[in-house]
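For reference, the structure is listed below as structure tokens.
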Amino acid sequence: MSELYRRYGKLLTLIMILLTAFWLLALVIIPNIVLFEFSFESYLPVDQLGGPLDVYSLKNYETFIYSPIHIRIFFQTIIYSSLVTLLCLCMSYPVAFYLAKVIRIENAPTIFLLLLIPLWVSEILRSFAWFIILSFQGPLNALLLGIGIIGKPIRWISGFNGVIIGLIYSYILFMLFPVYNAISSLDSNQIEASEDLGAPLWRTHWRVVIPHAKPGIASGCVMVFMLCAGSVIVPSTLAAPNSRWFTEIIQQWMFEGLDWNVGSAYAFLLLVLCILFVSIVMRVLNVRLVDIAK
Amino acid sequence: MTSKAFGAFLIRAYIVIFLAFMLLPLVIMGGAAFNDTKFPSIYPWMGLTDRWFVDLWTDERMWGSARNTILVGLAVVAISVPIGTAAAILINSVQARTRSFLYGFMVAPILTPGAVIGISTLLFWNQFNVPAGLHLSILGQVSFIAAYVMLLVLARLQSFDFGLEEAAMDLGASHAQVMRRILIPHLYPAIGAGALIAFFQSAENFNVTLFTRGNSDTLTVYVGSKIRSGITPTINALALILILFTIVAAFAYEIKRRREQIRQQALDAAATKE
């Protein structure tokens with residue numbers, strides 16, 4: 001800190017501290033404290049604020065605990081988000097390895113450019129694209145019928161199928177890029193040494209490449225899980241009527257029920273879920289936060 | 001065919017399928033913009049039309065939300081770039097313990113779901129009787145986008161030679177000159193990339209905006225409400241325009257990056273000659 005002061009002087013140091021403080025306090029920390037506090041208060045008409053009913057209670061969380069439907073949706077969100085995270089990892093690992101270690105250097109930028117395009121297209125358009133493809137009379141059914149693989153059209157958007165496909169498509173690149181970054185920092189000689197010593201392909205990956213890629217895998221898993229569990233647009237576009245997502249319940253409280261207190265309790269549960277997931281991943285893969293967020 | 005060659009063939013085939021999986025949906029969505037059907041699809045093909053583009057062009061609400069998207073994006077860039085840069089410089093010069101403590105708070109917003117950021121921003125400003133609106137969307141977006149800028153600038157700072165600042169000070173430069181002439185120019189590439197990412201992150205943001213926007217629209221919210229209320233291929237027309245815009249931006253960025261690379265290589269070559 002004194003180093004900063006010596007180099008940039010009183011005024012500039014003060015400005016930098018104020019900017020950072022504004023960000024961390026007014027935009028990050030205190031809003032979350034307010035969210036936490038709100039989740040323990042009751043929804044009251046204005047004239048009863050400060051009255052005898054204006055006390056902290058667990059009422060909003062009890063709403064959740066006594067609602068089997070909400071609990072089921074909460075756990076379905078966790079299970080399907082974890083499933084999507086796992087699928088993203090399995091699907092993107094070969095691509096990440098290929099781009100990092102196999103492909104010729106001069107071809108890599110072209111493929112990256114091709115992959116950057118879907119990354120920069122907004123999430124809502126990406127799930128809309130799958131809404132078209134998967135619709136009952138859409139191109140996928142037409143294609144499969146045309147080839148003769150299926151005899152009659154399949155209802156793709158049923159249960160969580162549509163949501164899973166949409167989530168994978170929307171977030172797989174958040175897995176691919178960190179894993180790619182981690183693998184490309186591995187010295188290729190180590191892979192060759194492992195092969196020369198007679199390790200079969202799977203063991204080279206299991207014992208050499210994957211341990212090295214752990215920070216990237218952790219980072220990808222955390223990002224994908226958080227984006228899935230917190231996704232609003234994919235479930236609302238691609239879910240069947242009977243398959244609902246936890247964020248939709250939060251939306252219901254905020255916009256339809258207009259009970260911001262219960263809404264904030266539910267939002268806080270979602271936040272706790274994500275924090276738990278981050279700590280579990282950090283524990284299991286034995287990495288630090290600095291390795292995850294790069 | 002040996003098993004190794006077969007393996008190489010398999011992985012190549014997989015890469016091609018993966019690229020098709022990533023890109024074909026966008027092609028199908030774009031293609032449906034030209035199909036003359038009420039419900040957007042490329043099958044069955046009912047003939048080429050430009051009516052969806054005309055419909056889009058005459059949609060007042062679309063223009064309003066497009067303007068809002070750009071304004072919000074520019075505001076987010078204007079706020080998050082100085083904050084992210086200042087935070088990176090600050091965190092780079094504090095001791096290890098404070099550093100990891102601050103770092104945790106700074107990257108936390110990236111790992112927080114957008115809905116939570118949106119709701120907490122809404123509630124916080126509600127305490128000061130600030131109503132919902134795009135100004136809150138801007139603040140909510142800044143809270144996590146500033147973290148991206150911070151990470152980019154922090155990475156760039158690792159290659160900065162602080163001896164240059166010492167030299168400048170020894171030669172009598174003022175504090176402001178050290179900052180403006182020595183440090184900031186070194187950070188330009190990271191600041192530029194940060195500004196670009198900030199704008200695109202803001203433009204494609206849905207979750208934070210949804211909870212904080214009040215009654216205003218941005219393009220993503222506009223598309224979202226269209227998808228819910230009644231789909232026509234005008235959304236495809238808009239999607240196609242946005243995708244083309246993205247491709248142009250991505251290419252421009254890539255060309256600029258390659259040019260700089262070539263220039264850097266030329267400079268390095270000249271330096272080694274001397």
Which value, in debye to the nearest 20, gives the size of the charge dipole of the protein assembly as shown about its Cα centre, when Lys and Arg are +1 and Asp and Glu are -1 at the Cβ?
-> 880 debye
Points 7 angstrom from Cα along the Cβ direction at B:V130 and B:D36: gap in nanometres?
-> 5.2 nm
Rank A:A108, A:A213, A:A193 by mean-square fluctuation in a GNM of chain A with C-alpha springs under 10 angstrom and give only the top-ranked residue.
-> A:A193
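List the chymotrypsin sites (Phe, Trp or Tyr not before Pro) within region A:127-180 that DSSP assigns to loop and that have no more than 16 neighbouring Cβ atoms inside 10 Å.
Taking region A:127-180 and a limit of 16 other Cβ atoms within 10 Å, the loop chymotrypsin sites (Phe, Trp or Tyr not before Pro) found are A:F136.
Counting other Cβ atoms within 10 Å, which chymotrypsin sites (Phe, Trp or Tyr not before Pro) in region A:1-66 have at most 14 and lie in a DSSP loop?
Working: sites: A:Y5, A:Y8, A:F22, A:W23, A:F36, A:F38, A:F40, A:Y43, A:Y56, A:Y61, A:F64, A:Y66; in loops: A:F40, A:Y43, A:Y56, A:Y66.
Loop-located and lightly packed - A:Y56, A:Y66.
With the contact rule set at Cα under 8 Å and sequence spacing of 6 or more, what percent relative contact order holds for region A:67-292?
On the way: 228 pairs, mean separation 62.1, N = 226.
Contact order relative to length: 27 percent.
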Between A:F22 and A:S57, what is the label-to-label distance in nm when each label sits 7 Å out along the Cα-to-Cβ direction?
-> 4.1 nm
Inter-part distance where region B:164-241 and region A:1-26 are each reduced to a Cα centre, Å | 23 Å
GNM top mover of A:Q252, A:Q190, A:Q48 - chain A, alpha-carbon springs below 10 Å | A:Q48
From the phi of every residue in region A:244-256, what ³J(HN,Hα) in whole Hz does the Karplus formula 6.51 cos²θ - 1.76 cosθ + 1.60 yield, where θ is phi - 60° and glycine or proline is x?
-> 10, 10, 4, 5, 5, 5, 4, 4, 4, 5, 6, 9, 9
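Can you pick out the pairs among A:K101/A:K214; A:K101/B:K4; A:K10/B:K256; A:K152/B:K38 whose Cα atoms lie more than 28 Å from each other? Write out the running numbers ahead of the final one.
Numbers: A:K101/A:K214 16 Å; A:K101/B:K4 16 Å; A:K10/B:K256 37 Å; A:K152/B:K38 24 Å.
A:K10/B:K256, as the Cα separations exceed 28 Å there.
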Among A:S42, A:P31, A:Y5, whose Cα sits farthest toward the positive end of the charge dipole of region A:1-136 (+1 at Cβ of Lys/Arg, -1 at Cβ of Asp/Glu, about the Cα centre)?
-> A:Y5
Using the Kyte-Doolittle scale, find the helices of chain A whose mean hydropathy is at least 0.0 and whose Cα atoms extend 24 Å or more along the helix's long axis, counting only whole DSSP H runs.
-> A:68-97, A:161-184, A:210-229, A:260-285
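Please arrange B:T232, B:T2 by how many other C-beta atoms lie within 10 Å of their C-beta, fewest to most.
Numbers: B:T232 16, B:T2 7.
Exposure proxy ranking, most exposed first: B:T2, B:T232.
Among the helices of chain B (complete DSSP H runs), which have Cα atoms covering no less than 30 Å along the helix axis and a Kyte-Doolittle mean of at least -1.0?
Working: long enough: B:3-31 (40 Å, 1.87); B:60-92 (47 Å, 1.13); B:134-157 (33 Å, 1.82); B:234-273 (59 Å, 0.46).
Counting only whole DSSP H runs, the qualifying helices are B:3-31, B:60-92, B:134-157, B:234-273.
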What is the spin-label model distance, in nm, from B:L196 to B:L24 if the labels are put 7 Å beyond Cα along the C-beta direction?
-> 3.0 nm
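222 nm [θ] for chain A, helices only, -39500 (n - 2.57) per DSSP H run of 4+, per residue, to 500? Could you put the intermediate results ahead of the total?
Details: 15 runs with 199 residues, N = 294.
Per the formula, -21500 deg cm²/dmol.
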Could you name the aspartates and glutamates whose alpha carbon sits less than 14 Å from that of B:K226, not counting residues in the same chain fewer than 8 places away?
-> B:D55, B:D59, B:E60, B:D217
Run down the aspartates and glutamates and flag those whose C-alpha is under 14 Å from the C-alpha of A:K59, throwing out any fewer than 8 positions away in its chain.
-> A:E37, A:E41, A:D259
Average beta-carbon neighbours from other chains, 10 Å sphere, peptide B:233-241 | 2
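Each reported figure results from applying straightforward, stated rules to the coordinates on display, with no laboratory input. Nothing here was measured: the structure is a model prediction, and the numbers come from that model. In this analysis, Cβ positions are derived from the backbone assuming ideal geometry, glycine residues included, and neighbour counts consider all displayed protein chains.
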